[in-house]
Amino acid sequence: MKRTVYRTCTICEATCGIEVELEGRAITRIRGDARDPFSRGRICPKATGMRGLQEDPDRIRRPLLREGDGFVEIGWDEALGRAAEGLARARTAGGPSAVALYRGNPTIHDAGTLLGANELLAALGTKQAYSAGALDTCPRFVQCTEMYGGPVRIPVPDVDRTHYWLIVGANPVVSQGSIMTAPGIKERSEALRARGGKLVVIDPRRSETAELADEHHFIVPGADAAFLLAMIDTLFRENLVRLGRCDGLVRDLERVREIASGFSPERVAPLCGIDAQTIRRLARELAGAPSAVVYGRMGTSVQSFGTLASWAIDLLCILTGNLDRPGGAMWSRPAVSLGFAFEAGGAVKLARWKSRVSGREEMFGEFPITALAEEIETPGEGQVRALVTIAGNPVNTAPNGARLERALESLDFMVSLDCYRNETTRHAHLILPPTGPLERNHYDVLLLHVAVRNVAKWSPAALEPDPGGRDGWSTSLELARRLMGLTQLSPEAFDGLVLRQLTERGLNASRWKGDLTIDELLAAVGKEPGVERVIDALLRIGHYGDACGRVPDGLTLARVKAAEHGVDLGALEPQLPGHVITPSGKIELAPERITGDLPRLEAWLADAARTPLRLINRRDLRSMNSWLHNVAPLAKGRERCTLQIHPRDAERRALAHGDRARVRTRVGEIEVPVEVTDAVMPGVVSLPHGFGHQGPGVELRVATKRPGANVNLVSDDLAFDAPSGASALFGGPVEVEAL
Ligand SMILES: Nc1nc2c(c(=O)[nH]1)N[C@H]1C(S)=C(S)[C@@H](COP(=O)(O)OP(=O)(O)OC[C@H]3O[C@@H](n4cnc5c(=O)[nH]c(N)nc54)[C@H](O)[C@@H]3O)O[C@H]1N2
Ligand SMILES: Nc1nc2c(c(=O)[nH]1)N[C@H]1C(S)=C(S)[C@@H](COP(=O)(O)OP(=O)(O)OC[C@H]3O[C@@H](n4cnc5c(=O)[nH]c(N)nc54)[C@H](O)[C@@H]3O)O[C@H]1N2
Ligand code: SF4
Ligand SMILES: [Mo]
């Protein structure tokens, strides 16, 4: 029988609505859901990857146990027992922090895995927690914590209403937007131009987004903070500072003026590669537009000065009156808020503890992933001897992957919650797979915190779960239950306990605290175990919730489910003077953690001209980090893992288009084909990230046919942004030579 299921694509952050047509268990078609109020039918080629992943014969469907050089399938009970035992053994021998946990990017695309992983981490009781955060958004989280009080307070560009969009170091036309949930971002950007708005891109590479823009300027990688401070200096000197909605709500404005005065456009121009006239003009345009917004992403995050650059971006919005204004940078208001999980007890404190070996600072409960190898390698009390990875591939995605790989080989025990045998999971003793991507219910608990429009949408499973499968929520909880020794509780009772704890925290952080009781809330969400009732409970006490009948038309999960294409909750709304939770109650314009990094920037600027060639990375529309290369329809086509190099730099190295080159840094070398193009600026080369699928035990039959090279074999694990500890993946020195 034919049927259609409406849900969300869970591959990237855009949350496009899809229509999945099925006949029995066969997926006959996937296309955009034209009635989804947020995405209105727009998708990208990866949407069909949902089917490819679901049907991929290499996708792991049953628990795997390592035996000799290979793996054998085992039953769930045995697998969970062995996993819990192995971890407990390491903990008994070396204390809680002998077990490390790494969470990867796809955890955000599966509500059950995301929330379940928190429980597993709590059950382990380890301080050795890691994630892809320090390879990604950490500088932005740190900056927002310092300025507004917490990491879930990231303002997003109000793209649908803005008149002027300055994009610095992001490529949304390919990435489909990040820390900015905005399906159909290409069309949204085109609409901005069609209504007379202007789009300007600052990027060392003429990216696909730059191609679409009114204006694009190359910038020396890493020089963004200086460039943006020169724009800020212009605002002050030309008397263009207008705080707008932030008037009376900020601290340390004079300090910002003073700092920016050291970055005149004349001084900065030769260092960043953008002339002084242009810097001034961009500042004037930003200040003069009816509304404007500056947006940065990976290019202003995972570089040498990620926190300073992220800070300067928000300063520009604030100083031009564009923070919290329609068309400017605004805060989303999600229907399900996870604020309680990240910001319990008000302003978030950073650097509460340090890592054992090299004293790296904790950020949001985690150390940077680049600290993991040394924590495994270095003997002594607290040495890491076991590891859990959840939906992550750090051997491929973290800098100096070769070192991490050697460290993993030396572990006593490793468990991976993952659906593929790749560069990382091949080292696991046990692999515990999730259900297939179309076999699970989903709600975007995290991504809707940064959506450019407020929406709520439930994604029902399109297919009945494989009877031998197990979802990420129940696997994480079952491991947690066993590790906590709560064997007197049934799994169902433990699920209920977790529900109670989570919703109690949510309730205490909500406006219904004291009015609505936890028992009333739990009674409303029913008895069926699973992450679904957690979402129902959080929806009910959320901003649009029914509060168990107190708000007659308020949301419940049943109401969200009934709207099968999604619920539109309207355009973003101003939220100041609320929303800021710093100890001073004001927006901190010059926090010490951030401004304390200025001397390091000065030292870098003094030396920058001496680096002849810098390496940056790029993304590809048909990839997703390291894990979509096994889906045949997405993997075909021309070679994507190429080194883009400017004709001038190619000529100096006697390299021609199609030649192979050796790329070398302090940490290693790789060989890649060369693409000579003036799309990169002179002095900059670009490689994609996420390739390099090879090694014994990697079971990716499509991906290994065209493995490409892993850029993280040459990215430096010792290069990082000081205030956040995040890796400086982009902009490091590199040598390139013909083979
Ligand atoms: N040099 C360089 N390095 C980078 C980047 C870069 O631009 N340049 N980008 C960084 C960024 S932004 C990120 S987010 C990280 C990503 O880094 P990671 O999160 O470490 O890596 P991914 O490639 O996302 O790996 C996803 C893993 O999850 C598994 N998986 C997929 N779906 C599921 C699921 O539903 N459940 C479970 N349990 N597992 C699943 C896949 O098999 C794969 O093993 O890489 C970072 N590394
Ligand atoms: N198709 C696809 N979509 C994805 C992903 C994917 O792998 N494939 N990954 C997802 C993930 S996990 C994330 S985090 C997002 C990332 O989303 P984006 O940040 O939008 O994507 P990137 O391609 O990393 O874009 C970074 C841009 O910064 C530029 N850049 C590099 N160094 C500098 C610098 O020093 N200064 C400036 N100004 N620019 C610089 C690069 O040339 C590049 O164009 O994409 C997500 N979406
Ligand atoms: S942009 Fe593509 S991968 Fe991302 S959610 Fe939409 S369809 Fe899926
Ligand atoms: Mo990411």
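The values are calculated or read from the model by the stated rules, or taken from the named source; none is laboratory data. Everything numeric here is computed off the predicted structure, so don't read it as measured data. Positions of Cβ are generated from backbone atoms using ideal geometry, with glycine treated the same way; all protein chains shown enter the neighbour counts. Calculation scope for accessible area: heavy atoms of the full protein, side chains included, ligands and nucleic acids excluded. Shrake-Rupley method; radii C 1.70, N 1.55, O 1.52, S 1.80 Å.
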The residue that is surrounded by the fewest Cβ atoms within 10 Å (Cβ to Cβ), considering only those in region 259-273 that are in contact with a Phe, Trp or Tyr (Cβ under 8 Å, 6 or more places away or on another chain) and under 14 Å from A606 (Cα atoms), is V268
Pairs only if they're at least six apart or on different chains, beta carbon under 8 angstrom, first in region 166-193 and of a type in the set (S, T, N, Q) and open to solvent by less than 10 Å² (accessible area, probe 1.4 Å), second within 16 Å of ligand 1 (Cβ to nearest atom) and in a loop (DSSP other than H, G, I, E, B); list them, first residue then second. T181/E13; T181/A14; T181/T15; T181/D444
Might you let me know whether region 469-478 holds any residue that is at pLDDT below 95, over 30 Å from A26 (Cα atoms) and in contact with a Gly (Cβ under 9 Å, 6 or more places away or on another chain)? no
Which of the residues that make up region 659-690 are open to solvent by 30 Å² or more (accessible area, probe 1.4 Å) and of a type in the set (A, V, I, L, M, F, W, C)? V667, V676
In region 122-137, what residues are out of contact with any strand residue (DSSP E or B) (no Cβ under 7 Å at 6 or more places or on another chain) and either more than 14 Å from ligand 4 (Cβ to nearest atom) or of a type in the set (S, T, Y) (or both)? A122, A123, G125, K127, T137
Subset of region 626-662 (residues that are away from ligand 2 (no atom under 16 Å from the Cβ), in a strand (DSSP E or B) and among the aliphatic types (A, V, I, L, M)): A661
Out of the residues in region 297-337 meeting the condition of being within 16 Å of ligand 1 (Cβ to nearest atom) and open to solvent by 10 Å² or more (accessible area, probe 1.4 Å), tell me which one is farthest from the chain's Cα centre (by Cα). S304
Selection from region 384-423 of residues more than 16 Å from ligand 4 (Cβ to nearest atom) and in a loop (DSSP other than H, G, I, E, B) yields V384, R385, N400, S410, L411, D412, D418, C419, Y420, R421, N422, E423
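Quick check, is A292 open to solvent by 10 Å² or more (accessible area, probe 1.4 Å), in contact (Cβ under 8 Å) with a residue 24 or more places away in the chain and within 25 Å of E588 (Cα to Cα)? Walk me through it before giving the result.
Values: open to solvent by 10 Å² or more (accessible area, probe 1.4 Å): no; in contact (Cβ under 8 Å) with a residue 24 or more places away in the chain: yes; within 25 Å of E588 (Cα to Cα): yes.
Against the criterion (open to solvent by 10 Å² or more (accessible area, probe 1.4 Å), in contact (Cβ under 8 Å) with a residue 24 or more places away in the chain and within 25 Å of E588 (Cα to Cα)), A292 does not qualify.
Checking the conditions here, which among R281, R297, R267, R251 is on the phi < 0 side of the Ramachandran plot, basic (K, R) and within 16 Å of ligand 3 (Cβ to nearest atom)?
Sole residue among the options that is on the phi < 0 side of the Ramachandran plot, basic (K, R) and within 16 Å of ligand 3 (Cβ to nearest atom): R297.
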When residues of region 25-79 are filtered for being over 17 Å from Q176 (Cβ atoms) and of a type in the set (S, T, Y), how many remain? 1
Note on D110: of the conditions (1) out of contact with any His (no Cβ under 8 Å at 6 or more places or on another chain); (2) within 16 Å of ligand 3 (Cβ to nearest atom), unmet is (1)
Unmet criterion (only one of (1) open to solvent by 20 Å² or more (accessible area, probe 1.4 Å); (2) assigned to a helix (DSSP H, G or I)) for R470: (2)
Being over 17 Å from A480 (Cβ atoms), of a type in the set (D, E, K, R), within 16 Å of ligand 4 (Cβ to nearest atom) and open to solvent by 10 Å² or more (accessible area, probe 1.4 Å) narrows it down to one of R153, R140, R103, so name that one. R140
So which residues in region 352-382 are closer than 30 Å to G585 by Cα and open to solvent by less than 30 Å² (accessible area, probe 1.4 Å), if there are any at all? R360, E362, M363, G365, F367, P368
Taking the residues in region 599-625 that are more than 12 Å from ligand 2 (Cβ to nearest atom), among the aliphatic types (A, V, I, L, M) and open to solvent by 20 Å² or more (accessible area, probe 1.4 Å) as candidates, determine which candidate is nearest to P221 (Cα to Cα). A609
R89 open to solvent by 20 Å² or more (accessible area, probe 1.4 Å), in a helix (DSSP H, G or I) and within 16 Å of ligand 3 (Cβ to nearest atom): no
Assess whether C44 counts as being touching a helix residue (DSSP H, G or I) at 6+ places or on another chain (Cβ under 8 Å) and within 16 Å of ligand 2 (Cβ to nearest atom). no
Boolean, E208 is more than 16 Å from L589 (Cα to Cα), under 25 Å from the mean Cα position of the chain (by Cα) and open to solvent by 20 Å² or more (accessible area, probe 1.4 Å): yes
Tell me, which residue of region 42-65 that is more than 14 Å from ligand 1 (Cβ to nearest atom) and under 15 Å from T10 (Cβ atoms) is least open to solvent (accessible area, probe 1.4 Å)? A47
Take the residues of region 227-282 that are free of Cβ contacts under 8 Å to residues at least 60 places away in the same chain and among the small types (G, A, S): which is nearest to G683 (Cα to Cα)? A269
Please work out if T162 is away from ligand 2 (no atom under 11 Å from the Cβ) and of a type in the set (V, I, T). yes
Residues of region 701-739 being of a type outside the set (A, V, I, L, M), closer than 17 Å to A398 by Cα and assigned to a loop (DSSP other than H, G, I, E, B), which ones? G708, N710, S715, D716, D717, D721, S724, G725, F730, G731
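Look at N441 and say whether it is touching a helix residue (DSSP H, G or I) at 6+ places or on another chain (Cβ under 9 Å), within 16 Å of ligand 4 (Cβ to nearest atom) and polar (S, T, N, Q).
It is false that N441 is touching a helix residue (DSSP H, G or I) at 6+ places or on another chain (Cβ under 9 Å), within 16 Å of ligand 4 (Cβ to nearest atom) and polar (S, T, N, Q).
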Just checking, does region 328-350 include any residue being over 21 Å from L124 (Cα atoms), among the basic types (K, R) and not in a helix (DSSP H, G or I)? yes
